[in-house]
Amino acid sequence: MWRPAKNGGLGIAAMSYIAVDYLRHLSPAWHSRLQPALWSLLALAAVVRVPSYRHWSAEFRSALPFVASMLFMLAALLFEALSVRSVTAVLGLDWHLDTRPLPDTGQWLLLALNEKLPKPIVEILRARIIGLHHFLMLFMMLAFSVLFDSVKAPGLGLGARYMFTMAVGRLLRAITFASTILPSARPWCAGSRFRVPGYPHRWAQKYYVPYASDHNAISQLIKLDTAYVDIGKPIGDYQPDWGSMSFLIDFLRPTASEGSSWFSLLKKAGGGCNDLLYSGHMLVAVLTAMAWTEAYGGFSSTLVWLLVLHSAQREIRERHHYSVDCIVAIYVGILLWKMTGFIWSHAASGNRRLSKLDKIQSRLIQAAKDSDIDEVRELLKEIELSSEERNNQIGIKYARFFHGATIFFALTIVVLAFKLTSDG
């Protein structure tokens, strides 16, 4: 879906942001000076453009889908967080420390390339050029560029599509990695991030442990199709008083040192270890690249996709994910984005004018037959003015409130996204 960009300003701003942020590794002093200056310049440019923005009525119509998509995404993220803790806790820490990682041909390939490629190229592949928060910021810049007519309005419509698609992707991801628990490529991960019992959950004690390493037991299990080993009384877990949320105890398996609140329990880990198939980081990256390609296009979209590939190989290289996790995330992200064009689509530009033209088509044809040039001009003018009339549907008082609230809310989201995801 490659298209030439309307102008190169957004691409230059995006790549400048990536370059300036990478200075944190090369020159922290220059980074501390240039990053605030760049963000202040971009924020000031956006605020200055607000009074001349002409598509507030379209933004107003997209506000409700935007808020609904955000709530949907928050619910999906909560479900994902519960699932991340659950798949880590269900088998206990001893299993994580003792289980070998899966063989991954992608990891082998990257190690082989380290021996074949020139050292500067290998160092570029190893460099932490881009992370999760960068892709989120690239999308924020893309959405804000509606103020400069670089991207088709409404920006809230584009944001609604992005968050709705991500929420669906997060739900599918949580269902997928919770279905079959894969051993982490970093065996020490669970012990360093989570405090859960060392022994398995009672379900795993009954249905998994007796058959995990005995081939004959597995064969007998297949024949009988029932858990035939008597394990006696299973080892029980700590049972805190979580009130109405006590049903989560079986999923989260808290310990005595951290069982006072189920919500604080979810916030302690910076990320999962066994939430592997498929990669959540790569889903964000691919959705950002798809949005960039459709909404803006141009050479900068090619650069964004190169950054996606760089991020994928680094996820595999650093063993945060297996190769299959990144590959599946790429094609799932592409397919999901293709399916949500009904929320916002660049191809839908001009649809309202076309519908207006359909309504007056017969009058326009008759005026042309009668050679009534003045009537033709009036009808065409009516089409042009239809969008301006919609802009006046919102009262001036409420419009100003909506303008200010939207910009303030969007800038707040930018700051929060940057702070909360800066560590990946």
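We did not get these values from a lab; they are worked out from the coordinates using the rules stated. Note that this is a predicted model, so its numbers are computed, not measured. No Cβ is skipped: glycine too gets one built from the backbone with ideal geometry, and neighbour counts run over all protein chains shown.
Results, tabulated for the structure shown:
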item: The range 291-340: projected area of the alpha-carbon convex hull, averaged over directions, in nm²; result: 3.6 nm²
item: Inter-label distance for S213 and S32, nm, one decimal - labels placed 7 Å from Cα along Cα-to-Cβ; result: 5.2 nm
item: Gap separating the Cα centres of the range 292-334 and the range 91-130, nearest whole Å; result: 17 Å
item: Ranking of C189, C273, C326 by count of other Cβ atoms within 10 Å, fewest first; result: C189, C273, C326
item: In the range 117-169, the trypsin sites (Lys or Arg not before Pro) that fall in loop regions by DSSP, at most 16 other Cβ within 10 Å; result: R128
